[in-house]
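A short reminder: the numbers here are calculations on the coordinates, not readings from a lab. What you see is a predicted model, and the numbers here were worked out from it, not measured in a lab. Please note: Cβ atoms are built from the backbone with ideal geometry, for glycine as well, and neighbour counts cover all protein chains shown.
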Amino acid sequence: VFGTGVSTREFWESMDEWHDMSEAWKSILSEAKHIGLRGPCSLAYVEELGIKNASVIGDPVLYLGREKIKSKPGTKSIGVNFGFSTDRLWGKSDLEFAKKLLGICSLLIEEGYNINFFSVWPKDTQFMRNCLDDFMPGYKGEIFDAWKCSIDDAFAYFDRVDLFMGEKLHASIAA
């Protein structure tokens, strides 16, 4: 198993549809030769299940990183990522999260910042467009559809922004 994470039990217990699948996972994971996990919390959880053949290797997106970090352009440009999670997030509302985030973006625009959005999948793009129409009417900036592009195109996007604020894990790590 390469680069998996283990969900936070406290988070999923707060969701109506949650069912404890730890015994099923224990059965599957105990068959693996080795389990490479994203972080120490995941490792602690699988060790609680009695699984010994695991170690922390980090998130696989880290392996896509570049050898050299480029300096930022200093153009007051901010990349922003948020999206659709079927309300599976702390606070339980994609819409409320987007409303608050776009409120912050509006304040930044008033301060002279340029805001561009970064989408990781088609449902996020549509959700972003709907939220922008509702909470930032008249916004004319870019939505970069990373799901249509290469990793090099995504890194070129990150090079164009001075700061990146992200909700989605892998977009944020890659930035």
Quick check on region 1-100: what are the equivalent-ellipsoid semi-axes from the Cα gyration tensor, as sqrt(5λ), descending, whole Å? 31, 24, 9
Take the Cα pairs of the chain, get the Kirkwood Rh, then feed it into Stokes-Einstein at 10 °C and 1.306 mPa s and tell me D in µm²/s. 87 µm²/s
List the residues, sorted by chain then number, that are 5 or more residues from residue 78 or on another chain and whose placed amide H is less than 5 Å from its amide H. 114, 115, 116, 162
Taking springs between alpha-carbon atoms closer than 10 angstrom, which of 162, 20, 59 fluctuates most in the Gaussian network model of the chain? 20
Compute the Rg to Rh ratio over region 91-162 from the alpha carbon atoms, using the Kirkwood formula for Rh, and round to two decimal places. 0.97
Whole-Hz ³J(HN,Hα) from phi, Karplus 6.51 cos²θ - 1.76 cosθ + 1.60, for region 58-74, glycine and proline x: x, 7, x, 5, 4, 6, 8, x, 8, 5, 10, 8, 8, 6, 7, x, x
With θ set to phi - 60°, apply the Karplus curve 6.51 cos²θ - 1.76 cosθ + 1.60 along region 157-169 and write out the HN-Hα couplings as whole Hz, x wherever there is a Gly or Pro. 4, 4, 5, 7, 10, 7, 8, 10, 10, x, 8, 6, 3
Taking the Cα-to-Cβ direction at residue 34 and at residue 21 and moving 7 Å from each Cα, how far apart do the two end points lie in nm? 2.5 nm
Treating only the Cβ of Lys, Arg, Asp and Glu as charged (+1, +1, -1, -1), what charge dipole size does the chain show about its Cα centre? Round to the nearest 20 debye. 580 debye
Taking a threshold of 27 Å on the Cα-Cα distance, which of the pairs 33/148; 52/168; 76/140; 72/140; 68/100 fall above it? 33/148; 52/168; 68/100
Please enumerate, by chain and number, the aspartates and glutamates with C-alpha under 16 Å from the C-alpha of residue 26, excluding those fewer than 8 residues away in the same chain. 47, 48
Of the candidates 156, 24, 54, which one comes out as most mobile in a Gaussian network treatment of the chain with C-alpha springs shorter than 10 Å? 24
